[in-house]
Amino acid sequence: MPGMFDNNLFTLVQKTLDFRTQRQDLLTSNIANKDTPGYKAEDMVFEKSLEKALHAEEPGLLKTTNPRHFDGRNTPPLKLVEAQRIHSASPFPDFDGNTVDLDREMAKMAENQLMYNASIRMLTHQFRMLKTAITEGR
């Protein structure tokens, strides 16, 4: 668990907010193209990549005697994690080949917005704790 002053925590929240913003733009684009023939809905996935990178500093599978040795992990640093764009195909595409399911896209947008707000609240809480520590609770 990251500590209050851990830079990884702020990097994690920054990456999460960036990815949530990118995903919101992508979902909005899907909705805007609901009536475009042949349009293939897309989505972004990034949670597993963030989780894997967050644990990158844990001891690896192999013992190393030099910092340049490989330790058996295949984890990128947190700041280098990228989201993956995937096709978000509807099980029932329209007759014109469009795969946008309006109800599904709206649900994804609502979930994404809730997760974005939760990340903002977590960041606000961390800054509030930092301010309390600096001002010694006054």
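Computed from label points 7 Å out along Cα-Cβ, the spacing between residue 36 and residue 117 is 2.9 nm. Along the stretch 101-112 the Karplus relation, 6.51 cos²θ - 1.76 cosθ + 1.60 evaluated at θ = phi - 60°, assigns HN-Hα couplings of 9, 4, 5, 5, 5, 5, 5, 5, 5, 5, 5, 5 Hz to successive residues, with x for each Gly and Pro. Applied to the stretch 118-130, the Karplus parametrisation 6.51 cos²θ - 1.76 cosθ + 1.60 on θ = phi - 60° returns per-residue 3J(HN,Hα) values of 5, 5, 4, 5, 5, 5, 4, 4, 4, 5, 5, 5, 5 Hz, with x for Gly and Pro. 3J(HN,Hα) along the stretch 22-36: 4, 5, 4, 4, 5, 5, 5, 5, 4, 5, 5, 9, 4, 9, 8 Hz, from the Karplus curve 6.51 cos²θ - 1.76 cosθ + 1.60 with θ = phi - 60°, whole Hz, x for Gly and Pro. Amide hydrogen proximity for residue 98: with H placed 1.01 Å from N in the peptide plane, the residues at 5 or more positions away or on another chain lying under 5 Å are 38, 39.
Only the coordinates and a few stated rules stand behind these numbers; no lab work does. Because the structure is predicted, anything quoted here is derived from the model rather than measured. When we count neighbours, we look across all protein chains shown, and the Cβ atoms used for this are built from the backbone with ideal geometry, even at glycine.
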